[in-house]
Amino acid sequence: MSEEYIYAVARVRSREVSLLGKNDLERLMACPNEGECLRVLRDKGWGRGEGSSSPEELLAAEEEKTWSFLRELTKDTAPFAPLLLPIDGNNLKAAIKCAATETQPHGVFLPGGQWESDDLLRMARERDFSALPPILAEAAEKAMQTLLQTGDSQLCDVFLDRACLEEILRLGKESRLDALEKYSEWTVATANIQTAARACKANKNREFLELALAPCETLNVKELTEAAARGMEKLLEYLASTPYGEGVEKLRKSASAFEKWRDDRAMELIQGEKGEYFSAGPLFAYAVARRREIDTVRIILSGKRNGLEDGKLRERLRETYV
């Protein structure tokens, strides 16, 4: 193990103790309103110290702190790329649509991706995506051509969403980190399931499924496509015979129940990194833990803001890393 990782893992271990645990979430749940939740969070060091900062600014500050800390620890950001690709995918779609329609971007880009939004916009306007990984570059070119020729923005999204999943899977396999490889496979497989379920409800045809689903090792996408093309019950019947059978009842209940199950199981996949000291695995696990922590706080703040009853709100809370 390199000196870089000895130091980095030690720093991560010291930060893990400040992650929100179940008692912290219970304290937030006990708050009567969103404003009181924000006060509790600021008391724990969340945000930038501005008492008037909005919930969005507070959460964005925590995201920024996370990535700033991780970049202090290592120059090798490859283990974190699978977590950033959804942001990059959103920004690439936005850049292509702005370039194709010759409109100026206003509030369409998300912060925190691997590529600057201005660079993605330049690539799209110049029709040169060679700076991107081959999987994304090929999909971006196809999406641009499709949008210019047909104006079909949904098909544009399909190409890029699938490419992001394929890139996540590639990065996981090439990382040689067990936790990252399992996390990437889980992310892609469950994204395929969600896409198939949505396609059933929207009466999408087999051609759409063949374009949208990304091949992975733990699901046979041809069988998944065939099942989904025959309706929701056939899809659920197929899933019951796969490693994702536990998610069938979650899907029957609701999309949000499935999403919670997906996120909680993903958290389980990285729990083993707590005892790991010889790789970048603990850094990746910390990044996942912080992302999930911020998402959970976002759910609580939104629930408090909209007056969601505690029972319904608790159903949406994710498992914590600590």
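Things worth noting here:
- Output for segment 258-310, where each listed residue is within 28 Å of C37 (Cα to Cα), open to solvent by less than 20 Å² (accessible area, probe 1.4 Å) and of a type in the set (G, A, S): A266, A285, A287, A289, G303
- Qualifying residue in segment 36-45 (condition: of a type in the set (G, A, S) and either assigned to a helix (DSSP H, G or I) or under 14 Å from I300 (Cβ atoms) (or both)): no
- Qualifying positions in segment 45-95 - among the basic types (K, R) and in contact with a helix residue (DSSP H, G or I) (Cβ under 6 Å, 6 or more places away or on another chain): R48, K93
- Exclusive hit being among the small types (G, A, S) and either open to solvent by less than 50 Å² (accessible area, probe 1.4 Å) or farther than 26 Å from K274 by Cα (or both), set S54, S14: S54
- Test: residue in segment 103-111 that is part of a helix (DSSP H, G or I) and either without any contact (Cβ under 8 Å) to a residue 24 or more places away in the chain or hydrophobic (A, V, I, L, M, F, W, C) (or both): no
- Entry remark, segment 7-32: residues being hydrophobic (A, V, I, L, M, F, W, C), part of a helix (DSSP H, G or I), touching a residue at least 24 places away in the same chain (Cβ under 8 Å) and more than 23 Å from F69 (Cβ to Cβ) number 1 in total.
- Residues satisfying the stated conditions in segment 17-29, i.e. under 18 Å from D295 (Cα atoms) and open to solvent by 60 Å² or more (accessible area, probe 1.4 Å): S18, K22, N23, E26, R27
- Qualifying residue in segment 39-46 (condition: surrounded by 19 or more Cβ atoms within 10 Å (Cβ to Cβ), within 25 Å of the chain's Cα centre (by Cα) and closer than 30 Å to A189 by Cα): no
Matching residues to (1) assigned to a helix (DSSP H, G or I); (2) under 21 Å from G172 (Cβ atoms):
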site	(1), (2)
L251	yes, no
F258	yes, no
D264	yes, yes
Q271	yes, yes
S279	no, yes
A285	yes, yes
K304	yes, no
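- Within segment 72-114, considering residues that are closer than 17 Å to F284 by Cβ and of a type in the set (A, V, I, L, M, F, W, C), the one surrounded by the fewest Cβ atoms within 10 Å (Cβ to Cβ): A78
- Qualifying residue in segment 57-68 (condition: open to solvent by 80 Å² or more (accessible area, probe 1.4 Å), at pLDDT 95 or above and not small (G, A, S)): no
- Extreme residue, farthest from the chain's Cα centre (by Cα), among residues of segment 230-249 that are assigned to a loop (DSSP other than H, G, I, E, B) and over 24 Å from D264 (Cα atoms): R230
The values are calculated or read from the model by the stated rules, or taken from the named source; none is laboratory data. In this text the structure is predicted, and so the values were computed from the model without any measurement. Positions of Cβ are backbone-derived with ideal geometry, glycine not excepted, and every protein chain shown enters the neighbour counts. With ligands, DNA and RNA removed, areas are computed over all heavy atoms of the protein, side chains included. Shrake-Rupley method; radii C 1.70, N 1.55, O 1.52, S 1.80 Å.
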